[in-house]
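**Student:** Here you go, one structure.
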Amino acid sequence: MTLDLRKHTHELVDSARMAPSLDNAQPWAFRVTARSVEVYVDRSRAVPALDPDDRQMLIGVGGAIFAVRLGICALGSEPTLALLPGDERGDLAAVVSLGPDHLFSLGEARMFEQIPRRRTCHARLDPQVPREIRSALARAVELEGAHLRWMVESAERRSLARLVAMAERREQAGQTVHAAGSVGTAAPATSGHPGADLPTREFATASSGPAATPGLPAQEPSVAILATDGDRPAEWLRAGQALMRMLLSASVEGLVATYSNQPLEVPDLRGRVRDDLALPGFPQVIVRLGRPVEGWPEPTSRRPVVDLLRR
């Protein structure tokens, strides 16, 4: 029997809308045909104050693309992917099409189960992640053509913490974050939590209430930087797919994420992140992983599937 993706529109889009995005902007839209899912950038959901070149927006869309790929795998087909089949600045980010028959693997099934469970956490984390899990997450990122560099050395963490703090001061002084609530969340507050290596930006949402202070003193905080070889829109979409694969793999292990992307939002500091830490490519995401101390976080609000569909 021929697989018709239109019969699975709701489940495919329901999974894809669970991807993470800057300020929970959810900057995606979808069109489902019999044999493909078209993933679009919804530019009305941009956050220009923090993301003037739309880099982080496309990383979020990349996460949705990975969820679509995984959903098609779950239906028994090997997806084929065309990134940016038109103009790279256009709205069509990807076409994910049916391919050969596919046997859904145990690893894929475990990731797929985590799509609704995966969380970004703004509460305290126990940041100790075993070396074997860190290695597995780095391999997951490499499967998507990106790199994951763990900040294991104290000197690296201190350098990164200085850059995050510098970016935070600049953004606050320039009031560049005041518009960050324009897509449904309150303006961010920052945390220099005692004993933690990195200050983090916390977005308080109407559903979650005021953001708590994250982080714990850590002897070996599990902070990593996801980087790509290039720095064009296609690489940003690949970074999002790598991030989503990593986050779902981390969720399988009971881990949640929080982010310290401030220096990546300031052009000269983003260059310093790359140079000072000798990264193999262009930094796209700064992520801290750990186990939530105060219980699994509640889900953030999501736009209804019907609002995400294009005809």
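Every number here is computed from the coordinates shown, using simple stated rules; none is lab data. The model shown is predicted, which means the values in this text are computed figures rather than measured ones. As a convention, Cβ positions derive from the backbone with ideal geometry for all residues, glycine included, and neighbour counts pool all protein chains shown.
**Student:** Extending each Cα 7 Å along its Cβ direction at Asp87 and Glu294, get the distance between those two points in nm, one decimal.
**Tutor:** Result for the modelled spin labels: 4.7 nm.
**Student:** Another question, if that's okay. Show me the trypsin sites (Lys or Arg not before Pro) within segment 49-118 that DSSP assigns to loop and that have at most 11 other Cβ atoms within 10 Å of their Cβ.
**Tutor:** On the way: sites: Arg55, Arg69, Arg89, Arg110, Arg117, Arg118; in loops: Arg89, Arg117, Arg118.
Hits after loop and neighbour filter: Arg89.
**Student:** Looking at segment 216-294, which GluC sites (Glu not before Pro) are DSSP coil and have at most 12 other C-beta atoms within 10 Å of their C-beta? If you can, show how the numbers build up before the last one.
**Tutor:** On the way: sites: Glu235, Glu253, Glu265, Glu294; in loops: Glu253, Glu294.
Those that pass, being in a loop and sparsely packed, are Glu294.
**Student:** On full extension of the chain, what length is gained from Gln172 through Arg131, given 0.36 nm per residue of separation minus the C-alpha to C-alpha distance? Write out the running numbers ahead of the final one.
**Tutor:** Numbers: separation 41, 0.36 × 41 = 14.76 nm, distance 3.57 nm.
Length difference between fully extended and current span is 11.2 nm.
**Student:** Moving on. Distance between the C-alpha centers of segment 234-311 and segment 73-131? Whole Å please.
**Tutor:** Centre-to-centre distance over Cα atoms comes out at 13 Å.
**Student:** Given 0.36 nm per residue, what is the gain on full extension from Glu142 to Lys7 after removing their alpha carbon distance, in nm? Display every interim value, and only then the final one.
**Tutor:** Working: separation 135, 0.36 × 135 = 48.60 nm, distance 3.28 nm.
Once the chain is fully extended between Glu142 and Lys7, it gains 45.3 nm.
**Student:** A follow-up question, please. So how strong a dipole does segment 228-267 carry about its Cα centre when Lys and Arg Cβ are +1 and Asp and Glu Cβ are -1, to the nearest 20 debye? Don't jump to the answer; show the numbers that get you there.
**Tutor:** Working: 3 positive and 5 negative charges, 24 e Å.
Using Cβ point charges on Lys, Arg, Asp and Glu, segment 228-267 gives about 120 debye.
**Student:** Apply the Debye scattering formula to segment 1-131, with a single equal point scatterer on each alpha-carbon and no solvent, then give log10 I(q)/I(0) at q = 0.10, 0.13 Å⁻¹.
**Tutor:** Scattering profile of segment 1-131, log10 relative to I(0): -0.36, -0.58.
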